[in-house]
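The values are calculated or read from the model by the stated rules, or taken from the named source; none is laboratory data. Computed from a predicted structure; not experimentally measured. Cβ: placed from backbone, ideal geometry, glycine included. Neighbour counts: every protein chain shown.
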């Protein structure tokens with residue numbers, strides 16, 4: 001039986017600087033998740049993003065983030081910090097920049113099924129995992145945001161952060177807070193989010209990011 005055509009939503013897609021790879025977030029829409037990913041599944045994701053190139057080597061990392069939470073108050077930490085998977089695809093030859101459909105904030109809905117994934121108790125009722133705080137910043141506010149990050153001792157702990165452009169007017173900073181236990185470590189995440197909000201033109205959630213993108217096109 002063919003999997004539904006709306007099992008996953010892709011977000012925050014961008015090419016590597018040298019155009020020899022791309023990366024994007026995957027969120028499950030149904031009772032299906034990812035593990036290692038298969039070549040056909042990754043190829044389907046690339047096609048969904050408008051990339052006419054087959055997958056080479058790929059990596060998949062599971063994380064949780066308040067970035068993907070909904071607007072309604074959530075009782076459970078699994079809803080306040082939804083799971084997502086960061087996929088990084090590498091190619092042996094670069095993509096021509098003039099044919100680039102990226103960067104893309106999202107969403108792009110697509111189908112597929114990862115046969116390497118097996119459901120377990122940890123699939124839905126997890127209590128620990130790598131947590132990322134994702135901050136979207138308007139390009140015109142980039143300098144002041146970088147000054148904030150550079151002057152904060154707490155934020156300097158995450159020097160290995162990822163920075164990508166996800167739209168003509170928006171940059172994304174991704175802070176990996178490491179392995180945390182929930183709900184007891186939630187205060188640590190909220191502290192980092194509060195620091196980032198000191199710079200006004202920043203979004204820490206997909207919904208406000210989409211609104212910011214629309215208003216600044």
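Can you name the residue in the stretch 198-217 that is under 18 Å from residue 155 (Cα atoms) and loosely packed, with under 13 Cβ neighbours inside 10 Å and, of all such residues, is modelled with the lowest pLDDT?
Step by step, filter the stretch 198-217, then rank; the result is 200.
So residue 183 clears everything in (1) more than 30 Å from residue 5 (Cα to Cα); (2) surrounded by 15 or more Cβ atoms within 10 Å (Cβ to Cβ); (3) touching a residue at least 40 places away in the same chain (Cβ under 8 Å) except one condition, right? Which one?
(2)
With respect to the numbered conditions (1) within 20 Å of residue 142 (Cβ to Cβ); (2) under 18 Å from the mean Cα position of the chain (by Cα), which one is the sole condition not fulfilled by residue 200?
(2)
When you check residue 34 against the structure, is it within 22 Å of residue 162 (Cα to Cα), in the same structural domain as residue 114 (by TED's automatic domain parsing), out of contact with any helix residue (DSSP H, G or I) (no Cβ under 6 Å at 6 or more places or on another chain) and in a loop (DSSP other than H, G, I, E, B), yes or no?
yes
For the stretch 43-137, please list each of the strands (runs of 3 or more DSSP E) lying entirely inside it that holds at least 3 residues being out of contact with any helix residue (DSSP H, G or I) (no Cβ under 6 Å at 6 or more places or on another chain) and over 22 Å from residue 180 (Cα atoms).
83-90
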